[in-house]
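*Asks:* Here it is: the structure, laid out below.
The values are calculated or read from the model by the stated rules, or taken from the named source; none is laboratory data. Just so it is clear, the structure is predicted and the values come from calculations on it, not from any experiment. Don't worry about glycine lacking a Cβ; one is built from the backbone with ideal geometry, like all the others, and counts go over all protein chains shown. Note: accessible area is taken over every heavy atom of the protein model, side chains too, but ligands, DNA and RNA are not part of it. Shrake-Rupley method; radii C 1.70, N 1.55, O 1.52, S 1.80 Å.
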Amino acid sequence: MMPEETFKPIIDMIETRRSNAYRKVNEELISLYWDFGKFVSEMLEQSNWGEGIVDRLEEFTKNHYPTMKGFNRRGIYRMKQFYETYKDNEIVSLLVRQISWTNNLLIMPSTKT
């Protein structure tokens with residue numbers, strides 16, 4: 001029987017790729033939240049959208065993607081806040097996409113600029 005150490009490179013490969021996959025999924029989710037927040041922000045600014053549209057957007061998202069979490073009224077406003085907080089700072093807007101959504105939610109209310 002072969003010693004366990006023989007297969008350590010396999011374990012390293014799997015763990016590295018798994019970690020890379022999680023990171024990429026996180027980046028894509030953050031990009032989705034950014035784009036979603038941008039859409040909501042721009043539509044509220046440039047059209048006759050009122051507060052009620054967010055409730056309709058929540059319902060629409062829930063009907064089309066029932067298994068996705070975070071697209072409730074509170075989550076939609078957080079995505080809007082996320083976009084509006086960082087939209088004018090290109091460097092920061094790129095960096096915040098590399099940390100988790102939870103960490104972004106912790107950072108946003110703690111910053112003034």
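*Asks:* Go through segment 63-113 and tell me which helices (runs of 4 or more DSSP H), entirely inside it, have 3 or more residues that are in contact (Cβ under 8 Å) with a residue 12 or more places away in the chain and of a type in the set (A, V, I, L, M, F, W, C). Please lay out each step first, then the result.
*Replies:* Working: elements: 73-86, 90-95, 101-107.
Passing ranges, in order: 73-86.
*Asks:* Filter segment 90-102 down to residues that are of a type outside the set (A, V, I, L, M) and open to solvent by 70 Å² or more (accessible area, probe 1.4 Å) and give me whichever is modelled with the highest pLDDT. Explain how you work it out, then say what you get.
*Replies:* Initially, segment 90-102 is screened for residues of a type outside the set (A, V, I, L, M), giving 90, 93, 97-98, 100-102.
Filter once more, so that each one left must be open to solvent by 70 Å² or more (accessible area, probe 1.4 Å): 90, 98, 102.
Numbers: GLU90: 84, GLN98: 85, THR102: 88.
Here the answer is THR102.
*Asks:* Which of (1) within 14 Å of the chain's Cα centre (by Cα); (2) more than 17 Å from LEU105 (Cβ to Cβ); (3) open to solvent by less than 90 Å² (accessible area, probe 1.4 Å) is the odd one out, the single condition TRP34 does not satisfy?
*Replies:* TRP34 satisfies all of (1) within 14 Å of the chain's Cα centre (by Cα); (2) more than 17 Å from LEU105 (Cβ to Cβ); (3) open to solvent by less than 90 Å² (accessible area, probe 1.4 Å) except (2).
*Asks:* Does ARG78 satisfy being at pLDDT below 90 and either open to solvent by 70 Å² or more (accessible area, probe 1.4 Å) or not β-branched (Val, Ile, Thr) (or both)? Step through it out loud before you land on a result.
*Replies:* On the way: at pLDDT below 90: no; either open to solvent by 70 Å² or more (accessible area, probe 1.4 Å) or not β-branched (Val, Ile, Thr) (or both): yes.
In short, no.
*Asks:* Hey, another quick one. Would you mind telling me which numbered condition in (1) at negative phi; (2) surrounded by 10 or more Cβ atoms within 10 Å (Cβ to Cβ); (3) not in a helix (DSSP H, G or I) MET43 fails?
*Replies:* (3)
*Asks:* Then there's this: Which pairs do you get when a residue that is closer than 18 Å to GLY75 by Cβ, found in segment 23-47, comes within reach of a residue that is modelled with pLDDT of 90 or more and of a type in the set (Ser, Thr, Tyr), reach meaning Cβ atoms under 6 angstrom, with the pair 6+ apart or on two chains?
*Replies:* TRP34/TYR83; GLY37/TYR83; LYS38/TYR83; SER41/TYR83
*Asks:* Residue check, ARG56 against (1) under 12 Å from the mean Cα position of the chain (by Cα); (2) open to solvent by 100 Å² or more (accessible area, probe 1.4 Å), all met but one. Which one?
*Replies:* All conditions pass for ARG56, except number (1).
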